[in-house]
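Some notes on the structure that comes next.
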Amino acid sequence: MSAADAERERLRVTFDGIAELYDRARPVYPERLFADLAEVAGLGRGARVLEIGCGTGRATVPLARRGCAVTAVELGAGMAAVARRNLAAWPEARVAVAAFEDWPLPAGPFDAVVSATAFAWVDPAVRVVKSAAALRPGGVLATVATHHVKGGTEEFFRASQEFYERFIPATPRGLRLEPADAIPRDRAEIDTSVLFGEVEFRRYPCDVTYTTAEYLDVLSTYSNHIALAPEVRAELLACLAGLIDDRHGGRITKRYLFELRTARRAG
């Protein structure tokens, strides 16, 4: 196992211990994203959808609300338990606790495979090939990426770099958020697989305003923060809280870029 693979394996299990916080703090995906996904993939009542890494159901609920029969595969039992609670009104949505790499595909193919902010955690040698195997010909693979981009309370994000460099020495010096139009569209993995047709991208910028406590909560759901030693994480968050309270009146705005990437299975 390479160092990168080992680090991915180490970090992807960190979320399960903070399932309730994750469900409360993470930003909601734009409704327009799901409307576009439903249009592209032809998703409606009865459509069979496989979701990879459903977490607490942030993307599963909007799909279930549209009448899709969702089978969600989630690595963490704690996250899956919250997802099942959130999906209680939609009995056609089911959650299996397993690593997608190990989960046996059912006999019937799916109309869409969806993965929202989770595809990057799946083994790169498996994720595209197994997604294609799960789809009917013409079915759609849809992944959602969340990018942190320049915007919102920019002065705060510039100033906070000092604390990351102090408490996380591996942080690149002088790192700055990039504007949304500078974020590359990652199509190479799907293109080189030759299992899918043309890759399409749709993007949704979104500003979210946080109180100090709310921002610390969302930071505490990111794997690189969870993985810090508790005393280091506490010091880092305390410094960030002081910056928000002292210079920004206890409230900041963060800009996200949600990106929907879709490709239709060949054949």
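The values are calculated or read from the model by the stated rules, or taken from the named source; none is laboratory data. Worth saying up front: this structure is predicted, and the values here are computed from it rather than measured. Here the Cβ is made from the backbone with ideal geometry for all residues, glycine too, and neighbour counts use every protein chain on show.
Regarding residue 178, is this residue under 20 Å from residue 135 (Cβ atoms) and of a type outside the set (Lys, Arg)?
no
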For residues that are modelled with pLDDT of 95 or more and in contact with a Gly (Cβ under 9 Å, 6 or more places away or on another chain), scanning just the range 1-41, find the one that is farthest from residue 215 (Cα to Cα). 41
Among the candidates 23, 16, 5, residue that is farther than 29 Å from residue 216 by Cβ and touching a residue at least 40 places away in the same chain (Cβ under 8 Å): 5
I'd like to check something: does the range 187-204 contain any residue that is over 30 Å from residue 134 (Cα atoms), modelled with pLDDT of 95 or more, among the aromatic types (Phe, Trp, Tyr) and not in a helix (DSSP H, G or I)? no
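Yes/no per residue for (1) surrounded by fewer than 18 Cβ atoms within 10 Å (Cβ to Cβ); (2) over 30 Å from residue 37 (Cβ atoms):
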residue	(1), (2)
188	yes, no
208	yes, no
212	no, yes
216	no, yes
221	no, no
227	yes, yes
230	yes, yes
236	no, yes
241	yes, yes
For residue 117, the lone unmet condition from (1) over 30 Å from residue 233 (Cα atoms); (2) in contact with a strand residue (DSSP E or B) (Cβ under 8 Å, 6 or more places away or on another chain); (3) of a type in the set (Val, Ile, Thr) is (1)
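Of all residues in the range 205-228, how many are assigned to a helix (DSSP H, G or I) and more than 26 Å from residue 246 (Cα to Cα)?
Qualifying residue count, the range 205-228: 1.
Here's a check for you: in the range 169-181, which residue that is touching a residue at least 12 places away in the same chain (Cβ under 8 Å) and exposed (fewer than 15 other Cβ atoms within 10 Å of the Cβ) is farthest from residue 237 (Cα to Cα)?
First, pick out the residues of the range 169-181 that are touching a residue at least 12 places away in the same chain (Cβ under 8 Å): 174-180.
Of the ones still in play, those that are also exposed (fewer than 15 other Cβ atoms within 10 Å of the Cβ) are 174-176, 178-179.
Numbers: 174: 19, 175: 18, 176: 19, 178: 23, 179: 25 Å.
Within the range 169-181, the match that is farthest from residue 237 (Cα to Cα) is 179.
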Does residue 56 meet the test of being surrounded by 13 or more Cβ atoms within 10 Å (Cβ to Cβ), part of a loop (DSSP other than H, G, I, E, B) and among the hydroxyl-bearing types (Ser, Thr, Tyr)? yes
Complete set of residues in the range 26-48 that are without any contact (Cβ under 8 Å) to a residue 40 or more places away in the chain, part of a loop (DSSP other than H, G, I, E, B) and of a type in the set (A, V, I, L, M, F, W, C): 28
Within the range 71-119, count every residue that is part of a strand (DSSP E or B), closer than 25 Å to residue 136 by Cβ and of a type outside the set (Asp, Glu). 12
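Could you check the range 227-267 and list, in sequence order, the residues that are within 30 Å of residue 130 (Cα to Cα) and among the charged types (D, E, K, R)?
Hits for the range 227-267 are 259, 261, 264, 265.
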Give the residues of the range 227-253 that are over 15 Å from residue 164 (Cβ atoms) and touching a residue at least 24 places away in the same chain (Cβ under 8 Å), sorted by residue number. 245, 247, 248, 250, 251, 252, 253
Tally the residues that are among the hydrophobic types (A, V, I, L, M, F, W, C), over 19 Å from residue 25 (Cα atoms) and surrounded by fewer than 24 Cβ atoms within 10 Å (Cβ to Cβ), restricting the search to the range 59-72. 2
